[in-house]
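To start, the structure under review is shown below, and the notes come after it.
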Amino acid sequence: GIGLALLPTLVTSAVIVGRRVLLLTGVTVAACVGFEALWCLIMKRPLTIGDFSAVVTGLILAFNLPPEFPLWMATIGALVAVVVAKQLFGGLGFNFANPALVGRIVLQLSFTGEMITYVYPASQTGVDVMAGATPLLAMQSGSVPIIDLLLGTHGGVLGETCALTLILGGVFLILTKVISPILPLTYIGGVFVLKLARLMLGGGGMALGDAALQSLLYVMAGGLMLGAFFMATDYTTSPYT
């Protein structure tokens, strides 16, 4: 269900940024499945790739990476996600944190330069690859058009692409009862309210209408939609309250 829900965003990313998105995703998925199979073989345990959890981990890991991220580095992230964060703690259901998120953190600390080198649509910048601010950071110096955030015509990691398809994927998971709406709505709503309060009560005191618009842009500008629908709802590591 999760893989199917992420498919629209994957296709949209490939259309906007390029086919490199599909290559990167294919590598992370194949690496996660391969490392899990290899671990089961070495440890003489039953093969567990049939539960497709490694596929989901590979997909979410790819969505935490810039499209031009080196493939060998992505493979290291897959190794950390599957072996270190998942299998060393007992496998599916015993991981202490979301495996893909652990892989992303290790890659962020180890290869910071590559993790902040984003692909921008050529119509926006006239260049293919550049290091610069994601929409979330760009908002510190000015507003980002809401249509760019909805459609994904901006730089960033795959999971910052096209808020609209991420929302549709989240709605699909809720309607098919794969996840409960409580966690994602609480997460997104909590960020919105706290951002709204900060804008209205902080220095200068922004008007309600302007603060609400900026807060709406804020929740769509980063990877919050990906985190809310596809990571915070992880069965093993999701909060109880």
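The values are calculated or read from the model by the stated rules, or taken from the named source; none is laboratory data. Here the structure is a predicted model, which means the values were calculated and not measured. Every residue, glycine among them, receives a Cβ derived from its backbone with ideal geometry; neighbour counts consider all protein chains shown. For the accessible areas, the whole protein counts, side chains as well, though only heavy atoms, and no ligand, DNA or RNA atoms are used. Shrake-Rupley method; radii C 1.70, N 1.55, O 1.52, S 1.80 Å.
A few points about this structure:
- Helical runs assigned H by DSSP (4 residues or longer) give the chain a calculated mean residue ellipticity at 222 nm of -17000 deg cm²/dmol, each run adding -39500 (n - 2.57) before division by the residue total.
- Ile76 paired with Arg19, simple spin-label distance in nm, labels 7 Å along Cα-to-beta-carbon: 2.8
- The stretch between Ile146 and Tyr240 holds 30.5 nm of extra length on full extension. This uses 0.36 nm per residue minus the Cα-Cα distance.
- Proportion of all alpha-carbon pairs of the chain beyond 22 Å (%): 54
- When peptides 103-116, 156-169 are sorted by average Cβ neighbour count within 10 Å, with the highest value leading, the order is 156-169, 103-116.
- Dividing the convex hull volume of the alpha carbon atoms of region 175-228 by its residue count gives 80 Å³ per residue.
- Each of Ala197, Ile147, Met73 was scored by the projection of its Cα onto the charge dipole of the chain, and the greatest displacement toward the positive side belongs to Met73; charges sit on the C-beta of Lys, Arg, Asp and Glu.
- Inter-probe distance in nm under a simple model that places probes 7 Å from Cα toward Cβ, at Glu68 and Gln108: 2.2
- In the full protein context, region 33-98 carries 45 Å² of accessible surface per residue, based on a 1.4 Å probe and ignoring ligands, DNA and RNA.
- Extension gain, Met200-Phe96: 0.36 nm per intervening residue step, less the Cα-Cα distance, totals 33.7 nm.
- Helical segments meeting 20 Å axial Cα length and Kyte-Doolittle 1.6 threshold in the chain (DSSP H): 2-16, 20-42, 182-201
- Here the gap between Val83 and Arg45, fully extended at 0.36 nm per residue and compared with their Cα-Cα distance, gives a gain of 12.3 nm.
- Within straight-line cross-link reach of Lys177, lysines at Cα separation under 28 Å, skipping those fewer than 8 residues along the same chain: Lys86
- For the chain: relative contact order, % (alpha-carbon pairs under 8 angstrom, 6 or more apart): 21
- Between region 46-85 and region 202-233, the alpha-carbon centres lie 28 Å apart.
- For region 146-241, the square roots a ≥ b ≥ c of the C-alpha gyration tensor eigenvalues yield an a/c of 1.5 or more together with a/b not exceeding b/c, which makes the shape oblate.
- Taking the protein heavy atoms of the chain in the context of the full set of protein chains, the accessible area attributed to carbon and sulfur is 72 percent at 1.4 Å.
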